[in-house]
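The values are calculated or read from the model by the stated rules, or taken from the named source; none is laboratory data. None of these values were measured; they are calculated from a predicted model. As a convention, Cβ positions derive from the backbone with ideal geometry for all residues, glycine included, and neighbour counts pool all protein chains shown. Please note that ligands, DNA and RNA were not included when accessible areas were found on the heavy atoms of the full protein model with its side chains. Shrake-Rupley method; radii C 1.70, N 1.55, O 1.52, S 1.80 Å.
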Amino acid sequence: AKRIHGFSYSIYEPGKDRAPSYEGLLESDIWTALKKGQFELYYQPRIDLRTGKIVGAEALMRWNHPLHGLILPDDFIPVSEQTGQIVPMGFWAIYQSGRDLALIKNAGFDLQKVGVNLSFRQFQDDHLAQTIHRIIDSEKIDTRILEFELTESALLSDDLHVQQSIGELSKIGIDFSLDDFGTGYSSFALLQKLPINALKIDRSFVSKIPSSSDDTEIVRAIINLAHNLNMGVIAEGVETRSQLDFLIQNNCDQVQGFFFSPPVPLTDFMKILRAD
Ligand code: C2E
Ligand code: CA
Ligand code: CA
Ligand code: CA
């Protein structure tokens, strides 16, 4: 078992699932990045549409690479899911978000929710809930603020273990939202069975409102579905005033997107909070 920040994990088996050349190189780069603290969480504000105020954020991983500069998740998350490295990286993200949340709180800001992404791959770790529990205890993370964003692929398997992990985490007060909603295969049965607090409408739908009538109807349907199931609904990737207006008119609860702010480093996020 390896240890990062005092958390041990053993899921990764060297040599297993390993693709040749470039990925192999990246794989060892990722270990270095974890050890040397090259990962950073950026924060994208979430705005409540009733008040227009920032009520939360999504934490998004960035890699400050010594040679290549800033690397975005699409260039390292899929590899890390293949190699299993997303497991320790995901634990790091929870640990780091806890530290950041404490700084935000100490600066006098009162956020409702901060979303941290959990990969489907992390659910293959038998100790997921247990390790998360330990991080929460050691960092004294306020579980009322923490929210895990799951994609439908994490829920796809009718796996009891996944449902158990989610159940255990929800018992200690953690909320879950369903990410990229509308692009996967969630069944209504699963939506009702699991403690999901909010649906996040995928950017692919939001980007085509209000011009495409199909996407407009899909967005309306998701908002109604969420509310009928007593869930909140968050639209992702809001870039224009007309998208925002449509979402306000149709009772969407929250938005995030470049129209307000891209994801930014913690210090910049605190400046935005100060100015809000
Ligand atoms: P996601 O969870 O769907 O995150 C939203 C993505 O949309 C982010 O990309 C964000 O920067 C981008 N975005 C937000 N607003 C806008 C907008 O108005 N326009 C456009 N064009 N894009 C917008 P990012 O940060 O590159 O992350 C990509 C994906 O990588 C995330 O998609 C998530 O699936 C994954 N990811 C990021 N951080 C983590 C992490 O800590 N753990 C895991 N498992 N996955 C992560
Ligand atoms: Ca997300
Ligand atoms: Ca998303
Ligand atoms: Ca996405």
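By DSSP, the beta bridges lying fully in the chain are antiparallel in about 45 percent of cases.
In the context of the full set of protein chains, the stretch 67-141 has a per residue accessible area of 45 Å² (1.4 Å probe). For K208, the lysines whose Cα falls under 21 Å of its own Cα, not counting residues fewer than eight places away in the same chain, are K200. The eigenvalues of the Cα gyration tensor, multiplied by 5 and square-rooted, give the chain an equivalent ellipsoid with semi-axes of 30, 22, 19 Å from largest to smallest. Contact order for the chain, expressed relative to its length and based on alpha carbon pairs under 8 Å spaced 6+ residues apart, stands at 18 percent. Taking only protein heavy atoms and a 1.4 Å probe, the accessible area of the stretch 61-166 is 51% carbon and sulfur.
Taking a straight line from the alpha carbon of K171, these lysines sit under 21 Å away, with near neighbours fewer than eight places off in the same chain left out: K113, K140, K193. Largest first, the extents of the alpha carbon coordinates of the stretch 19-154 on the three principal axes equal 51, 34, 29 Å.
Averaging Cα coordinates gives a centre for the stretch 221-276 and one for the stretch 123-152; these two points are 24 Å apart.
Extent along the principal axes, Cα only, for the stretch 133-189: 36, 22, 15 Å, with the longest axis given first. Need the list of lysines near K36 for cross-linking: C-alpha distance under 23 angstrom, and skip anything on the same chain fewer than eight residues off. Leaving aside lysines fewer than 8 places away in the same chain, those within reach of K36 are K2. Projected onto their three principal axes, the Cα atoms of the stretch 198-264 cover extents of 32, 27, 19 Å, largest first.
In a DSSP loop and with at most 11 other Cβ atoms within 10 Å, the chymotrypsin sites (Phe, Trp or Tyr not before Pro) in the stretch 170-220 are Y185. Using the 1.4 Å probe convention, the accessible area of the stretch 204-265 works out to 46 Å² per residue with neighbouring protein chains retained.
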